[in-house]
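A quick write-up on the structure given underneath.
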Amino acid sequence: MTLKIIAFILLNLCFLVQVNAHIGSAGIVQEGKAGKYQIQVYVEPPDVIPGVARVSVSVDGTDIESVKLSPIYYWTGDEGSPKEDEALPVAGEPGRYEGNIWLMETGAASVKVRISGNRGAGETLIPIAALATAKRDLPESLGWILGGLALLLVGIMTTIVGASNSDSLLKPGETGGQGFKRRKVVGSTIGLSFCGLLLFVGNSWWGSISKEYQQNYIYKPYTATTKIKVENARRVLSFQIDSNSVQGRWTSFLIPDHGKLMHLFLVRQGTLDAFAHLHPSRKDTLTFEAPLPDLPAGKYLVYADILRFHGLQYTIADTVEIPALRVTQESYEKQNSDTDDTYVINNPINRKTPGVADAGISICGSPGVKTVLKDGTSIIWEEKPGQVLRAGQVNNLNFAVISPDGKPAELQTYLGMMGHAVVLKDDGSVYIHLHPNGTFSSTAQQVMEKRISESTNPGYRVTSARQFRDSVDNLLLNLQAMPETQKDKLLMGGMTHNMSSHHGGSVNFPYVFPTPGNYRIWLQVKRNGKIITGAFDAKVI
């Protein structure tokens, strides 16, 4: 039994996956600065806690003395962080370092990377979710081995108890009679019964531990019910988080990410030819609503990103059937107060002809092939034509935006970033909302940085759910009422993303495709006060 428990624990420390504001992606990429060092960090958090996170760090230059890693947990802060572990250089790859760190606590956390060299010291934080998302089964071969060892131990125990009740009572040279044989049988029977009782109690105890782990420690995602209401010749999306999925993670404690409480994406299932990026308003603790633009009818995949006050991101997935109803742009703008909501119609994935009749359709691009949008703007995915991408490695998705006159477009910030991208696999199993700094939330990074600067646990400050929710709603109202330039300046103020990731109309997104297959990427940037969206298809092997 002891061997089985030890084996189970060891197995639970060996497998890696990630839960964050995405679905199906393997890890977290950050690209930017740590002091005077240009870095790119890739983290694979474990899917069991305690567990080991793998960290890969790429640093520019040859003057690096050391790269050190440590985990920081929201509830304990920097003062509760364990001793740093050193990342070691990777042979044959100058400037690349790899290391492992243990994550011992569940919840919001981050990986701190500290670099020392001739340019001084530099640090950066990568927010991660330290959550148990898997339960490992014992391999069949190991089960047979442990079962055999258990039978051997039972046999030895039975023999010892039987002998202690018979043979051990004889003096040297004596032989026991029939009575001693009966005593031996009785002793062995008692020993076997005792071993059976131990196995029964141990199995019951282990079953209760496994059940408790499944119920209390395995991460359970939020679920939601999405409906379309038709009111006064308009369609309104209602997104209600299921109360039975909340389980203590009160949605009153949501905070804005890039100035919005929720980023909701709609993609027509199967064809991926209709896409919308909406920001529903909160009606109550669990319900969010947004008017629908002129999307064609059909079944849609729904992905909603939210962020809780301690920096944990969540993606809530659902599907919804959108009924047919023609909506003019004028009527949509009248009913929708959020000017950052956008939508686009493209050709179906893997087809170059439109699936619906719409003058505003733009044909998707591909690596190295220019895509022209309806306002005359062009976007080029700066890869070789026909380039095939590989899963499991960091890809820099570089896009060049060109204005109608053929010159590099002058890009403006959109929700505090120089660009946004959504990556979706054709079967819906992979989804992620990207930014130029990587696959994490800058707001979550700010939350962790603020927590590190505090000497006491901030938990006591958020005891009133209503007060917290009302303060966030008031902040959002004030933000929505601001002029665009003032709002962008405020959102940009706290962002620490790499401003060098865009230049001359270019924008870059680091990303690791988790599995092979067909993907569609929607790129969103802003120029001349308008949000424009380009779509690109990619084959990943």
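The values are calculated or read from the model by the stated rules, or taken from the named source; none is laboratory data. Note that the structure is predicted; figures quoted are calculated from it, not measured. Don't worry about glycine lacking a Cβ; one is built from the backbone with ideal geometry, like all the others, and counts go over all protein chains shown.
Of note:
- Of the residues making up segment 164-191, those that are touching a Gly at 6+ places or on another chain (Cβ under 9 Å) and part of a helix (DSSP H, G or I) are 164, 167, 169, 183, 184, 185, 186, 187, 188, 189, 190, 191.
- Flag for residue 423 being under 23 Å from residue 315 (Cα atoms) and part of a helix (DSSP H, G or I): no
- Here residue 190 clears all of (1) modelled with pLDDT of 85 or more; (2) touching a strand residue (DSSP E or B) at 6+ places or on another chain (Cβ under 8 Å) except the condition numbered (2).
- Where strands (runs of 3 or more DSSP E) fall wholly inside segment 309-410, the ranges with 1 or more residues that are under 26 Å from the mean Cα position of the chain (by Cα) and within 30 Å of residue 105 (Cα to Cα) are 313-322, 394-402.
- Qualifying residues in segment 92-122 (those that are modelled with pLDDT under 95 and surrounded by fewer than 14 Cβ atoms within 10 Å (Cβ to Cβ)) - the one farthest from the chain's Cα centre (by Cα): 92
- Test: residue 401 is at pLDDT 90 or above and touching a Pro at 6+ places or on another chain (Cβ under 8 Å): yes
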